[in-house]
Each structure stands twice: as structure tokens, then as C-alpha cells.
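Asker: Got a structure for you, questions after.
None of the figures in this text is laboratory data; all of them are computed from the coordinates on show. Not measured: the values here are computed from a predicted model. In this analysis, Cβ positions are derived from the backbone assuming ideal geometry, glycine residues included, and neighbour counts consider all displayed protein chains.
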Amino acid sequence: MLILHQRKRLSQLLTLLMVVAISVGLLAGCGGGGSGSGGNGDNGGSGDQVWTPPYALPIAGDNETMMQTFYWEMKSNGDHWTTLKNKADFLARIGITSLWIPPASKAWGGIGGSSTSSVGYDVYDLWDLGQYNQMGTVRTKYGTKDQLIAAVKELHNKGIKVYFDAVLNHRTGADEWEHVQSGGKTIGAWTKFTFPGRTSNPNGTTKVIWDKNFFNAVDYDQLTSSNGIFLFDNKSWDTTLDDDYIMGADVDYNDNDRAKNDVTNWGRWILTDIGNGVGFDGFRLDAAKHIDMDFTSYWISQMISAKPDAFFVAEILDGSITKIRNYLNKVNQSQLHVFDFPLYYAFKERFSSTNIGDTLDSTKVGTAEGLVNDATYGDRAVMFADNHDTNRDGQDPGMVNYKYQAYTYMLMRDKGIPCVFWKDFYTFGMGDKLQRLLVARKHFAYGPGIEVEENEKNNVYIYIRDGSETDTEGDGLVMLIAKAGSGIYEQEIDSKQPNTTFYDITGNITEEVTTDSEGKGVFKVKRSEAEGWSVWVPKL
């Protein structure tokens, strides 16, 4: 998240931010993923040509696959909502079932110093989706509200759900500053939000002016031009998983019912009808570990009352599975998922360790990695190989090595929801090869996941889906991923499918395998970072 502080300091940040924006970071390796820079890359990679498998496919099942549709350096052309609308058919055909879109609300500023180029996490007015002239613009970085509505409508027509990135922790870009007591002294806090571009809420309810009573802290004192964290007198920190304060004017969900009510009213509007009968299907909760957990639980319950099947995924940027479990227990909402940062960190660490098989096998006590392998919460993990925070040009290259192997692991899993990163698919040119994995997930990755004993050795990880949970003939798979080495690794594996001919849908191994009457066959994978993943599926 871009940490902007207060209006007085914005001009001092612009030079640095513009340098970051034009920096080019090369993502080396990526298991053959290539390198890229900060262009939109909207039509790179596969060129939106649907890959055609060499053989017939079994009937597609109901596996979910999410795509994050943005990255930090996307150009501010104002055409992203239209781009998503135009790609709806393609994304549905390759197996994407839901999209996580960038923050669509009007923001204060950001890279380049204008609201039209802000990624959106420096949120100013939740209710402004690009329909009011505020912060010097009507549209946001991604387009207008009408373009957003048209995109969501078309995505829904193609069977794709759309999740709104909700920034509820803070506000930035206040219209006025106010005198506030902090530490027994008077400070000048930018806390008054009058939203001059609109006279009411777009759902017809009364506009709420936000002032100092809606917040509990800021990080800038206008009176002394000094920085710090200023907790207001007679206010307390919210009950959060981590530190309450991160940036801007911190919203007080502990002691201010008006803040709760306005944000709840807004959320219902987002889910039900932002215009023309169009509503979103759920939310990504930004910076969730800094938001009051009692409020989060209450807010989710209110959203479910408006849309019973609403989806929620929280950003808990932490590698501790224990902390994530504690968070899920405290919020206590069964429809809440969490991004699997523990698995992401494990990917980065374990793909450079000595034995890939041992460290990624969830059956090995003490070495299981990731929330997805948790016996209680595995189904509530959203897995990813990079996102807008972990990969930024000129700052952090993210997951550099073995990224295709990571995607193979995620997309074949029997628990959790995998999330494909737009920048990987388009800018880094991974789309063509990822399509093959998406087809495998959509048509073959069914039945309980089985990890085999051979994972204890040989620096190869083997995973089987036996296809037994469906009545569809021809699904199930055998997956192998390997680290760099020499030659081809081969192993006799019980596929659970006797007298069946398999082929490697990735194309990395060209020959076929036919199992015996017990379901056993010799399956192969290349010992290579560039081609060290094979997904063997039944030939129909």
C-alpha cells in the first residue's frame, strides 16, 4: 500500500514517487516467465487467443479460479474497466471464475500526484466510483462509474463474479483541517471530509460529513508541520490483529456509530445496486489486520444480510498461520477467506532450498506450509504467486524463481482458491503456458488430493487428484514439479486410474503414459526451472 501522509507533505513526495513510477524492474527467471516493465500489458502474453488442447476434454467442473486484474504500475489511461469488459469472454473461456478488481473509489493522489493515477489505496470518498468531480477529476485511474457498471454487467453475463477492493481502514485528502487534542496538546488534524462534489449519497441517502469524531489518529500536525502518530485524547485504539495505525486519518470503528453506519450503508449499495441493477459479488478487505475485528465481523454479517452468498477475502500480510487462525477465530465469519501469505513466503523460501518435495508435502509433520494445508481452514485460503504489493518495478521483484511450479502447485490443489496475477499473465508473458494449467484445473483437477511417499526424496513433488468425487469420465491427474538438475526424473506412480493413457497437458513432456491394471505407470518431469512442471491428464 502506498503510504501517503497529509496534504502538506504531498508535494515533497511527488519527486520520489515519480522516480519509482518510471523505474523499470526486471523480473529475472520466473521459470521461463520472462521480464517486464510498468506498461499495462493488457494484450501481451497470449494475445487473448484461447489455447486448444490436442484431445477432447471432460465436462468442466466447478473449480474456482480468481484473477487479480491490476498491478501497481498500470498506466492511468482511464480505460481499464473497458478492458475488463472486452476480455470477459476470453477470461471465462480459459477458466477464470472471479475477478479481484483494483480499488474503484475516488482517491486522494498517488503516483504522479493526481487522483487519475492513484492505485486507489489512498481512498478519499468511498461513494465516488468515478461519477463526481472531486480531487480534480471525474474518472478514477481506471475509468468512470458508467464504464465500471458496463464491465461488471458483461462479466456477470459471462458467469464471472467481481470482487470490490474495499479500503476501510483510513481516509486521506481531507478537505479541511481541525483542532484536535492529542497528548494534552492541540494539533491541526486533516480530518474534515465535506465531499463537495456531491450533495447526497448515490443511493439516495443523506450525505455524511466526516469530521474529527470519525477518527482516532493522524500522522501529521498542521500546526507544527511535524510528523508522528497522534492518538486523539479520549480515543482508544481499535481491537486489531496488528497495530491499528498505518496511514492517513485512521477510522474509529470502536467508538463511532456514524462511521460504522455510513460504511455499512455503502457496502450494501456496492453489493446490491450501484446502477442499472448491477451489484458486486463480494469484497477484498484491504489491510484487514489493522481494522477493528469486532467491526469486521459485524460488517460482514450486514453484507451477508444484503447478499447471502457474498464472498470476502482479507489481506493479512503476515507469514504466521497461527495469527491468521486467530484472526479467523476472532472474526468468526464462515464466508471470510484469507490470502495465503504463509504459502507465498514458503514458495519463495522452499523453491531455493534443498528438497522441494519434503517442504511442500502437507503430510510431513513440521514442514507443512501454507494456510491451504491447514486441516481446519484450508478451504478458506486464497493462494497467489505474486500481487501488486509483492511485485513492484524498481522495488521488489517478488517471486523470481520457479513461478510456473508455484502456479502448478496452486492450480491443482484440492483446497483453497488460486489467484492468477494479471502482471504474470500479460506483462511477463506467462499467459500461454498458464492457460494449459487453467484448462487442467477447469476440466481435470477433481477428487481428493493425494501426496505420495516419494515426496520424501529426489527433489520432486508429486500430487494426485483421483477424480473420484465426480461422475465425469476422464478427469483426475498426476502432477509433478521439480527443481533444476540434469535430465528427466521418472517415477512409478499409482494414478488411481487403471488402464488409462495419460499425456502431459503442459507440453513439457511429449510422450504418453499408459497405466497397468492397478493404475500404475511411469510418469516423468524435467529437472529444470524452465520446464520442470508436468500435469498428466487422461487422454480422451
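Asker: If neighbour count is taken as other Cβ atoms inside 10 Å, put Ser118, Ser486, Ser76 in order from fewest to most. Kindly include the intermediate steps, with their values, before the conclusion.
Answerer: Values: Ser118 29, Ser486 8, Ser76 21.
Going from sparsest to densest Cβ surroundings: Ser486, Ser76, Ser118.
Asker: Specify the longest stretch of the chain that does not include any exposed loop site, a site being one of the GluC sites (Glu not before Pro) with a non-H, G, I, E, B DSSP assignment and at most 13 other Cβ atoms within 10 Å. Can you show the working numbers first?
Answerer: On the way: sites that count: Glu473, Glu511, Glu512, Glu518.
Answer - 1-472.
Asker: Using only the alpha-carbon atoms, how far is helix 431-443 inclined from the longest principal axis of the chain? Give it as 0 to 90 degrees, nearest 10.
Answerer: The answer is roughly 70 degrees.
Asker: Relative to the present Cα-Cα distance, how much length would full extension add between Asn213 and Glu453 at 0.36 nm per residue of separation?
Answerer: Numbers: separation 240, 0.36 × 240 = 86.40 nm, distance 5.98 nm.
Length difference between fully extended and current span is 80.4 nm.
Asker: Once the piece of chain linking Asn276 and Asn227 is laid out straight, how much longer is it, given 0.36 nm per residue of separation minus the C-alpha distance between them? Write out the running numbers ahead of the final one.
Answerer: Values: separation 49, 0.36 × 49 = 17.64 nm, distance 4.46 nm.
Stretched fully, the Asn276-Asn227 segment lengthens by 13.2 nm.
Asker: Additional query: Where the centroid of each part is defined by its Cα atoms, how far is segment 404-426 from segment 140-194 in Å?
Answerer: 29
Asker: Longer than 19 Å from Cα to Cα, which of Lys403/Lys496; Lys496/Lys520; Lys85/Lys158; Lys75/Lys161; Lys161/Lys433 are they? Say none if no pair is.
Answerer: Values: Lys403/Lys496 28 Å; Lys496/Lys520 7 Å; Lys85/Lys158 10 Å; Lys75/Lys161 24 Å; Lys161/Lys433 24 Å.
Beyond 19 Å between Cα atoms: Lys403/Lys496; Lys75/Lys161; Lys161/Lys433.
Asker: At 7 Å along the Cα-to-beta-carbon direction for both Tyr55 and Glu512, put a label point, then send me their distance in nm to one decimal.
Answerer: Between Tyr55 and Glu512, the label points sit 0.6 nm apart.
Asker: Given a Förster distance of 45 angstrom, what is the FRET efficiency for Glu178 paired with His156, based on the Cβ-Cβ distance and rounded to 0.05? Before the final figure, lay out each step's value.
Answerer: Numbers: r = 42 Å, r/R0 = 0.94.
After rounding, the FRET efficiency stands at 0.60.
Asker: How high is the relative contact order of the chain, in percent, with contacts defined as C-alpha pairs under 8 Å that are six or more residues apart? Numbers along the way, then the final one.
Answerer: Values: 1267 pairs, mean separation 86.2, N = 540.
16 percent.
Asker: Mean projection of the alpha-carbon convex hull of segment 450-538 over all orientations, in nm²?
Answerer: Details: hull surface 21.5 nm².
If I average the Cα hull's projected area over directions, I get 5.4 nm².
Asker: Output the 0 to 90 degree angle, nearest 10, between the alpha-carbon long axis of helix 7-22 and the longest principal axis computed from the alpha carbons of the chain.
Answerer: Taking the Cα atoms of the chain, the angle to 7-22 is about 30 degrees.
Asker: Estimate the FRET efficiency between Tyr298 and Lys192 by the formula 1/(1 + (r/R0)^6), using the beta-carbon distance for r and 35 Å for R0, to the nearest 0.05. Provide the component values of the computation, followed by the final result.
Answerer: Values: r = 26 Å, r/R0 = 0.74.
Efficiency, from the Cβ-Cβ distance: 0.85.
Asker: With semi-axes √(5λ) of the Cα gyration tensor in Å in mind, check (1) 44, 23, 22; (2) 36, 27, 20; (3) 50, 27, 21 and report the label derived from this structure.
Answerer: Of the listed options (1) 44, 23, 22; (2) 36, 27, 20; (3) 50, 27, 21, (1) comes from this structure.
Asker: What is segment 450-538's relative contact order, in percent, from Cα pairs under 8 angstrom and six or more apart in sequence?
Answerer: Details: 207 pairs, mean separation 27.0, N = 89.
Relative contact order of segment 450-538: 30 percent.
Asker: Assign unit charges at the C-beta atoms only (+1 for Lys and Arg, -1 for Asp and Glu), then state the dipole size of segment 450-538 relative to its Cα centre in Debye, rounded to the nearest 20.
Answerer: 420
Asker: Can I ask one more? Quick check on the chain: helices-only [θ] at 222 nm, where DSSP H runs of length 4 and up contribute -39,500 (n - 2.57) each and the sum goes over total residues. Nearest 500, please.
Answerer: Values: 10 runs with 122 residues, N = 540.
When only DSSP H runs of four or more count, the value is -7000 deg cm²/dmol.
Asker: Given Lys415/Lys539; Lys106/Lys423; Lys106/Lys145; Lys192/Lys289; Lys289/Lys348; Lys192/Lys260, which pairs have Cα atoms separated by over 19 Å? Each step should come with its number before you reach the end.
Answerer: Numbers: Lys415/Lys539 25 Å; Lys106/Lys423 23 Å; Lys106/Lys145 10 Å; Lys192/Lys289 25 Å; Lys289/Lys348 23 Å; Lys192/Lys260 17 Å.
Flagged as over cut-off: Lys415/Lys539; Lys106/Lys423; Lys192/Lys289; Lys289/Lys348.
Asker: Here is a further query. Can you put Thr82, Thr296 in order, fewest other beta carbons within 10 Å first?
Answerer: Working: Thr82 18, Thr296 27.
Listed from fewest to most nearby Cβ atoms, that is Thr82, Thr296.
Asker: In segment 48-106, what chymotrypsin sites (Phe, Trp or Tyr not before Pro) fall in a loop by DSSP, with at most 14 other Cβ atoms inside 10 Å? If you can, show how the numbers build up before the last one.
Answerer: Details: sites: Trp51, Tyr55, Phe70, Tyr71, Trp72, Trp81, Phe90, Trp100; in loops: Trp51, Tyr55, Phe70, Tyr71, Trp72.
Here the sparse-neighbourhood loop sites are Tyr55.
Asker: Can you compute the FRET efficiency between Asn133 and Ser468 using 1/(1 + (r/R0)^6), with r the Cβ-Cβ distance and R0 = 60 Å? Round to the nearest 0.05.
Answerer: Values: r = 58 Å, r/R0 = 0.97.
Given R0 = 60 Å and the Cβ-Cβ separation, E is 0.55.
Asker: While we're here: Taking only Cα atoms, what is the 0 to 90° angle, nearest 10, from helix 321-331's long axis to the longest principal axis of the chain?
Answerer: For helix 321-331, the angle is close to 50 degrees.
Asker: Further, regarding this structure: Out of all DSSP beta bridges with both ends in the chain, state the antiparallel percent to the nearest 5. Could the numbers behind the result be given before it?
Answerer: Details: 48 of 73 bridges.
Bridges in the chain are about 65 percent antiparallel.
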